[in-house]
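The next block holds one structure in the form of structure tokens; read it before the comments.
Read-outs throughout are calculated quantities, based only on the coordinates presented, and are distinct from any laboratory measurement. Only a predicted model underlies this, so the values are computations on that prediction, with no experimental measurement involved. Please note: Cβ atoms are built from the backbone with ideal geometry, for glycine as well, and neighbour counts cover all protein chains shown.
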Amino acid sequence: MAREREDEDVFFNPLDLSKIKTYSIRERKNLSNINLFARPVLPTDGMHAFFESLPEVLASAHLRKVIHAIVLAYQKKRPVVMALGAHVIKCGLSPLIIDLMNRRIITALAMNGASAIHDYEVSLIGATSEDVAENLKDGSFGMARETAEVFQAASAQGIQEGKGLGHALGKKIIEAENTYQDLSLLACSAKLNIPTTVHVALGTDTIHMHPNVSGRDLGEASHIDFKIIASVVSQLEGGVWLNVGSAVIMPEVFLKAICLARNLGHTVENFATVNMDMIQHYRPQTNVLRRPTQYGYAITGHHEIMLPLLRMGILTQLGKGDE
């Protein structure tokens with residue numbers, strides 16, 4: 001039996017607003033004002049005018065700060081490292097990243113296993129990203145021979161030479177004279193002697209299903225790459241770390257690399273971090289933007305739009321937009 005209420009229902013009278021304190025709007029501190037507003041510019045005004053016309057608020061303000069941080073790092077010869085996920089390559093953005101590498105604006109790359117797979121396949125046949133749903137029906141998904149073969153060979157070579165998986169994959173692409181090697185991040189980095197590391201998570205990539213691929217070799221070669229990227233991070237003071245499209249692997253790698261660098265006595269305190277993705281996830285928000293630095297910026301949007309915009313902003317601020 002429900003307990004009966006012992007107290008009577010209370011009736012609330014409306015508040016009397018006649019004694020409310022007010023002040024003039026002219027005395028108020030405002031977070032938005034016309035000095036921050038966007039300005040309409042014309043195509044004939046050029047890219048510099050376009051970037052200057054962006055509103056100095058929220059994401060566009062962050063984009064300008066990111067551009068400034070990268071330009072400043074470039075001018076002071078500090079590292080600008082791009083860590084990326086596979087979607088960046090599948091969206092056709094490798095040529096833009098390669099351009100920034102050729103200009104020595106991006107000084108190091110780090111990628112997960114899937115990124116390296118797509119990069120290699122582009123270098124070999126000029127295409128990648130199979131129809132997973134269709135090929136999963138008969139178990140043929142991920143069973144391309146060439147990709148698995150080169151990863152195994154590169155793993156063994158990377159261990160033998162002590163230079164890791166990323167460098168060995170780049171050399172393999174160059175030595176085999178793959179038709180589209182000019183569109184390969186791995187090959188470009190090998191030619192330019194730019195550190196490029198591959199961080200595998202065994203069981204996550206198609207090549208791990210092949211009988212000729214050794215988990216021991218992949219793991220050891222990738223572990224060398226981890227120590228290489230940790231060395232790069234140890235010099236990150238005054239530089240920029242961009243996490244583009246990797247929601248799990250690369251943020252975790254970055255956090256451990258930062259810890260190693262500091263544990264060994266390197267000063268890595270004043271640097272900027274950026275997370276560029278279609279959705280902001282927990283790990284990059286926490287492990288890239290918040291924990292390691294006080295200068296973390298989130299840029300949300302599709303890679304195929306935001307990365308070209310970022311590149312053009314960098315070149316425009318450097319005064320290289322007409323090159």
Using helices alone, I'd like the mean residue ellipticity at 222 nm for the chain: each DSSP H run of four-plus residues gives -39500 (n - 2.57), total over residue count, nearest 500. -14000 deg cm²/dmol
Rounded to whole angstroms and listed largest first, the alpha-carbon spread of the stretch 181-307 along its three principal axes comes to 46, 38, 30
Between the alpha-carbon centers of the stretch 182-232 and the stretch 279-316, tell me the distance in whole angstrom. 23 Å
May I ask you to compute the full-extension gain from Ala153 to His62, defined as 0.36 nm times their residue separation minus their alpha-carbon distance, rounded to one decimal in nm? 28.5 nm
Distance in nm between Gln75 and Glu177 label points, each 7 Å along Cα→Cβ, equals 4.5 nm
Which length gain, in nm to one decimal place, applies between Cys91 and Leu36 when the Cα-Cα distance is subtracted from 0.36 nm times their residue separation? 16.5 nm
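Apply the Kirkwood formula to the stretch 22-161: the hydrodynamic radius equals the inverse of the mean of 1/r over all pairs of different alpha-carbon atoms; give it in Å with one decimal. Let's see the in-between values first.
On the way: mean 1/r = 0.0508 Å⁻¹.
Evaluated on the stretch 22-161, it is 19.7 Å.
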Name the lysines eligible as straight-distance cross-link partners of Lys227: C-alpha to C-alpha under 20 Å, and not fewer than 8 places from it in the same chain. Lys163, Lys171, Lys256
Qualifying lysines (Cα of each under 29 Å from Cα of Lys29; at least 8 residues distant if same chain): Lys19, Lys21, Lys65
